[in-house]
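Chemist: Before I ask anything, here is the structure I am working with.
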Amino acid sequence: MLSLLDVINGRLEKALERAFPEATEVARKAGRPLDPQLVAASKPEFGDFQINGALQFAKLLKLSPRQIAAEIVDQLNKDVDFLKLVETVEIAGPGFINISLSSTCLINELQSRLNDSRLGVPFVNKNESGHLPGIVVDFSSPNIAKEMHVGHLRSTIIGDSLSRIFEFRGYRVIRINHVGDWGTQFGMLITHLKDVAPTALEEGDSYDLGDLVAFYREAKKRFDSDQNFKLKSREEVVLLQRGNVQSLKAWKLLCSKSRDDFQIIYDRLDINLIERGESFYNQFLNDVVMELDNLGLLVVDQGAKCVFLQTSTGKDGKALPVIIQKTDGGYNYATTDLAAIRYRFQEVPNGDGAFRIIYVTDSGQASHFSGVFEVARRAKWVPEGGRLEHVPFGLVQGEDGKKLKTRSGETVRLRDLLDEAIERSKNDLCRRLDSEGREENETFILNVSTTVGIAAVKYADLSQNRITNYQFSFDKMLSLQGNTAPYLLYALVRISGISRKAVNLDISLKTFEFSQKQEWSLLRKLLKFDEVILDVEEELLPNRLCTYLFELSQLFNRFYDQVPILKADGIPRCSRLALCKLTADTLRLGLGLLGIPTLERM
RNA sequence: GGGGCUGUAGCUCAGCUGGAUAGAGCGACGGUUUCCUAAACCGUAGGUCGUGGGUUCGAGUCCCGCCAGCCCCGCCA
């Protein structure tokens, strides 16, 4: 109901002006126009919208809040355009004004939603240069030659969902997988590769490295125990950095094998990413140092080139440094991140042309990013109106409240985690089929358990406010009750059941009427979808969308339980089918934006 | 020592620019099935919003102090 909110707010501002012409004029001239504070009603019994402003204006206008409210209501009651939309306008409590929309108005909104595949969510405007604004979402980012584990889960799932929402809004979204594909660990990996598989370099991509993780472990073991190996590894790093052909070949092979492994996980999770790892920015690191130096930001301290922060101090009250270039001349991650920021904001041939960059990483990196962001701003690499945001999230914990580990105390591999979710979901399904005496074929069982299993993992993560740590529990996420993926998917399955039995759900040209309170509350919830999407886009909190979809499902289930649909006739039946259709569309789209596909039957 | 995040029902968590009597789910207890998938629905119980101040007409929300937990703090990412 965003557009409606706009319209009503417009009428309200006019009413306020007519009620208190002098005060509004003074406020406007002071550059702080009076805000009537029109918001969605905090409770259903307060109607659709509430106006909070009267309470605040009391001091300014030297009138009681209720008197002010009365004046505003008086003016609103003279506004024909406003009255067309509204059923009641009432003063309540200390001076709130509650507004209930008229049935006609709500039904008109329903009509337009039914004919709108975007469900009321506006498409973003082009920018001054006539292009769609670009957003870089930096997420997932595993390390080459290591396995994706539970630590990558949140970044991957949250980053993907935010990307989907931006894409749906029409932004040009650049999903970046900033993989760890550079650094000292490659010295040992390449040295080990040359030793154990000398032919690998000739065979290139066709060479089968086998289990990369085991490979990494072996290399690491040798690195830690064998002095000679350690020495060779260090030399190898230098060779690689100088662009030695053999070394580069080995590096590429390792990256490519690793990429294939990652892709298996991304395919299972249905996640798209452009791989552009740390190595990509090597070509810009020199420029970064030079520019910072030219700007006079660079200070040499204990041999390292640093930028000292203005916003944070360390112990003894001294400014904290961001190290740009190490004493040995090497660069570290802050430099790479700065080069990335610079590149991503630069216009298209030379960069990504983004206006907003989002980093989805754990909250442990908060101070790192705040330092890097400060340097980027002082270096003027962030354009006017450009947004640079860290989207932090908490740890994944086990049900014991400690960091999630396997029984043997190892890091949980993502593939195992997904396998287990699907396995458990399959067991649940089979138990259910058994107890209901249902017969389903293998394809159905596989499809349902895979969809439900993956959906459960994604939804459990997304439905939690990302800032806090998150307690991982298969039992809870797969539970059929509560705020879980299966509960939402089930609501949709119920609607599919109805549409299978109804002749059709084509209700586009009919008129609607509602008589039950369950119908009205469902409809009102449905019409809030657009606000939720814009809120998530701004606040980067997908759990708000989850909460909305859960509440929508609850209202639908109540409606389904208490109001006959197919048994009704005429206009009520058709109106109820319209609610079903819009609920299904909203759930399908909403879940889609969370990266969760839906089912017809389950 | 400095900085950040967190602290809301027995448990897991929501709580949107400060707004009306703080909400869900699970668990507990009790009910509902001639009907579209009961994987549902309805009801009951359960709270000093860590704590002490402050700002305000109004504070879970903003500011300050304190307590507890987690994380970060110069050449790893």
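Read-outs throughout are calculated quantities, based only on the coordinates presented, and are distinct from any laboratory measurement. Note that the structure is a prediction, hence the values are computed from the model and not measured. Note that we place each Cβ from the backbone using ideal geometry, even for glycine, and neighbour counts take in every protein chain shown.
Chemist: Return the lysines within reach of A:K517: Cα separation strictly under 26 angstrom, same-chain partners fewer than 8 residues apart disregarded; answer none if there are no such residues.
Modeler: Filter leaves A:K43, A:K84, A:K501, A:K525, A:K528, A:K567, A:K581.
Chemist: Give me the Kirkwood hydrodynamic radius of region A:448-602, using the inverse of the mean 1/r over all pairs of distinct Cα atoms, in Å to one decimal. Could you put the intermediate results ahead of the total?
Modeler: Details: mean 1/r = 0.0620 Å⁻¹.
So the Kirkwood estimate lands at 16.1 Å.
Chemist: If N is the number of residues in region A:388-482, what value comes out of its Cα radius of gyration divided by 2.2 N^0.38 Å?
Modeler: Working: Rg = 15.5 Å, N = 95, 2.2 N^0.38 = 12.4 Å.
Relative to the 2.2 N^0.38 Å estimate, region A:388-482 comes out at 1.25.
Chemist: Skipping prolines and chain starts, which residues have an amide H placed within reach, meaning under 5 Å, of the one on A:E275, given they are 5 or more residues away or on another chain?
Modeler: A:N177
Chemist: Using only helices, what value at 222 nm comes out for chain A when you add -39,500 (n - 2.57) per DSSP H run of length 4 or more and divide by the total residues, to the nearest 500 deg cm²/dmol? Mind dumping the intermediate values first?
Modeler: Details: 23 runs with 322 residues, N = 602.
Result for chain A, helices only: -17000 deg cm²/dmol.
Chemist: Continuing with the same structure: HN-Hα J couplings of region A:140-155 from phi, Karplus 6.51/-1.76/1.60, θ = phi - 60°, integer Hz, Gly and Pro as x?
Modeler: Whole-Hz 3J(HN,Hα) from phi for region A:140-155: 6, 6, x, 9, 4, 6, 10, 8, 6, 10, 4, x, 8, 4, 5, 4.
Chemist: Kindly write out, for region A:76-89 in residue order, the coupling ³J(HN,Hα) from the Karplus curve 6.51 cos²θ - 1.76 cosθ + 1.60 (θ = phi - 60°), rounded to whole Hz, with x marking Gly and Pro.
Modeler: So the Karplus estimates, Gly and Pro as x, are 4, 5, 8, 9, 4, 4, 5, 4, 4, 8, 10, 8, 9, 10 Hz.
Chemist: Turning to a different aspect of this structure: Once amide H atoms are placed 1.01 Å from N in the peptide plane, what residues at a sequence separation of 5 or more from A:D362, or on another chain, have their amide H within under 5 Å of its amide H?
Modeler: A:F393
Chemist: Alpha carbons only, please: Rg and Dmax for chain A, in angstrom.
Modeler: Considering chain A through its Cα atoms, Rg and Dmax are 29.0, 90 Å.
Chemist: If Rh is defined by the Kirkwood formula over all Cα pairs and Rg also comes from Cα, what ratio Rg/Rh do you get for region A:2-101? Walk me through the numbers on the way to the answer.
Modeler: Working: Rg = 12.6 Å, Rh = 13.4 Å.
Expressed as Rg/Rh, it is 0.94.
Chemist: FRET efficiency for A:S408 and A:Q562, Cβ-Cβ distance as r, R0 = 41 Å, nearest 0.05?
Modeler: On the way: r = 50 Å, r/R0 = 1.23.
Using R0 = 41 Å, I get an efficiency of 0.25.
Chemist: Lys and Arg at +1, Asp and Glu at -1: add these up for the other residues within a Cβ distance under 15 Å of A:A58 and post the number. Display every interim value, and only then the final one.
Modeler: Details: positive: A:K59, A:K62, A:R66; negative: A:D35, A:E71.
Neighbourhood net charge equals +1.
Chemist: For chain A, take the longest principal axis of its alpha carbons; what is the angle in degrees between that and the long axis of helix A:103-114, to the nearest 10 within 0 to 90?
Modeler: Roughly 30 degrees, rounded to the nearest 10.
Chemist: Counting only DSSP beta bridges with both residues in chain A, tell me the antiparallel percent, nearest 5. Provide the component values of the computation, followed by the final result.
Modeler: Details: 24 of 46 bridges.
Antiparallel: roughly 50 percent of the beta bridges in chain A.
Chemist: Another one. For the Cα atoms of chain A, what angle does the longest principal axis make with the long axis of helix A:282-294, in degrees from 0 to 90, nearest 10?
Modeler: It is inclined by approximately 80 degrees.
Chemist: So what J values fall out for region A:469-482 if you push phi through Karplus, 6.51 cos²θ - 1.76 cosθ + 1.60 with θ = phi - 60°, rounded to Hz, Gly and Pro as x?
Modeler: These are the phi-based 3J(HN,Hα) values: 5, 10, 8, 7, 8, 4, 4, 6, 5, 8, 4, 8, 10, x Hz.
Chemist: What is the sum of charges, Lys and Arg at +1 and Asp and Glu at -1, for the other residues whose Cβ falls under 9 Å from the Cβ of A:G134? Intermediate values should be presented prior to the final figure.
Modeler: On the way: positive: A:R172, A:R344, A:R356; negative: A:D352.
Charge balance near A:G134 sits at +2.
Chemist: Using 0.36 nm per residue of separation minus the Cα-Cα distance, give me the extension gain between A:E440 and A:K221 in nm, one decimal.
Modeler: Values: separation 219, 0.36 × 219 = 78.84 nm, distance 4.97 nm.
That pair, A:E440 and A:K221, stretches by 73.9 nm at full extension.
Chemist: Which far-off residues, 5 or more places away or on another chain, put their amide H under 5 Å from the one on A:I174, with H placed in the peptide plane?
Modeler: It is A:I135, A:V136, A:V137, by chain and number.
Chemist: For helix A:442-462, report the angle its Cα long axis makes with the longest principal axis of the Cα atoms of chain A; keep it between 0 and 90° and round to the nearest 10°.
Modeler: Compared with the principal axis, the helix lies near 90 degrees.
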